[in-house]
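Comments concern the structure below.
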Amino acid sequence: MKNYFVVHALGNTADDYWYRYIERVVKESGYDCFVPTMPPIEKMSYQSWAKEFDRYKSYINEDSVFIGHSSGSIFIVKYLMENKLKIQKFIGIVSFNECNKNSPHPDWEEINKTFFVKNLSDFAHFAKERICFYSPTDIYDFGILDKFATEIDAEKQIIQEAGHFTAATGYDKEFKEIVKFL
């Protein structure tokens, strides 16, 4: 049965930015949508997030759609690959699999390392459809974001002036560009 999962970025909760907007759009279409709040930065690691997300594992199926924002994207990739779970669609928003050398938060980059995978191109076997949204004005190097999308053979949706798809660039309550891909 088709369902949706939205996994937020590092330092966020399920109530930040456009996450509840996606949930509302999906539920209005008659589908279940899970938007968990993952462990906060001070407790964040791949293992802590995986332990929390295990509560939803029984709902994941080959019709599931996953939407991940920033660190949430690479978490999804690693989680699905480690658990050998196949899904219908992956939508990554500013997805990366390497550290941003120009990060304003180098300590966050150390946390992100626990999410990275060695065989990123293998993810194409776990998600039938793959779409990546990113912007040349993001805090992450555009080349890192583009490399991620290329490695997973994703359809690229490059949005000018969208930054990191947060409130600073108008993505505080809605994310209208994503709706046609849900």
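ARG55 exposes around 150 Å² of accessible area when a 1.4 Å probe is run over every protein chain in place. Dividing the mean sequence gap of close Cα pairs (under 8 Å, 6+ apart) by how many residues the range 21-150 holds gives a relative contact order of 23 percent. Radius of gyration (Cα atoms) of the range 37-87, expressed as a multiple of 2.2 N^0.38 Å: 1.09. Restriction of the trypsin sites (Lys or Arg not before Pro) in the range 99-182 to DSSP coil positions whose beta-carbon has at most 16 other beta-carbons within 10 angstrom yields LYS101, LYS118, LYS173.
Length available on full extension from ASN61 to ASN102: 0.36 nm per residue minus the Cα-Cα distance, which gives 11.0 nm. When the inverse distances between all different Cα atoms of the range 90-166 are averaged and flipped, the Kirkwood radius reads 12.8 angstrom. Under 5 Å between amide hydrogens, built in the peptide plane, is the criterion, and for TYR4 it picks out ASP32, CYS33, PHE34, VAL65 among residues at least 5 positions away or on other chains. Heavy atoms of the protein chains alone define the surface here; on that basis the chain has 46 Å² accessible area per residue at 1.4 Å probe size.
A 1.4 Å probe over all protein chains sorts HIS125, HIS164, HIS8 by accessible area into HIS125, HIS164, HIS8, starting with the largest. For GluC sites (Glu not before Pro), the sites in the range 1-80 that DSSP calls loop and that have at most 13 other Cβ atoms within 10 Å are GLU62.
The charge dipole of the chain, taken about its Cα centre with unit charges on the Cβ of Lys, Arg, Asp and Glu (plus for the first two, minus for the last two), comes to roughly 500 debye. For the range 42-143, the pair-distance distribution built from all alpha carbon pairs, in bins 10 Å wide starting at 0, is 15, 49, 30, 6 percent.
Taking every alpha-carbon pair in the range 1-50 and binning the separations at 10 Å intervals from zero gives 27, 46, 24, 4 percent. Averaging the Cα positions of each part gives two centres, and for the range 147-182 and the range 94-143 these lie 13 Å apart. The chymotrypsin sites (Phe, Trp or Tyr not before Pro) found in the range 40-146 that occupy coil by DSSP, while having at most 15 further C-beta atoms within 10 Å, are PHE116. Between the residues TRP49, ILE159, VAL179, the greatest Cα displacement towards the positive end of the dipole of the range 31-182, with unit charges on the Cβ of Lys, Arg, Asp and Glu, is found for TRP49. Shown for the range 104-171: the carbon plus sulfur share of the solvent-accessible area, taken with all protein chains present and a 1.4 angstrom probe, equals 53%.
The values are calculated or read from the model by the stated rules, or taken from the named source; none is laboratory data. In this text the structure is predicted, and so the values were computed from the model without any measurement. Neighbour counts are summed over all protein chains in view; Cβ atoms, including those assigned to glycine, are modelled from backbone coordinates with ideal geometry. These area figures cover heavy atoms from the full protein model, side chains too; ligands, DNA and RNA do not enter into them. Shrake-Rupley method; radii C 1.70, N 1.55, O 1.52, S 1.80 Å.
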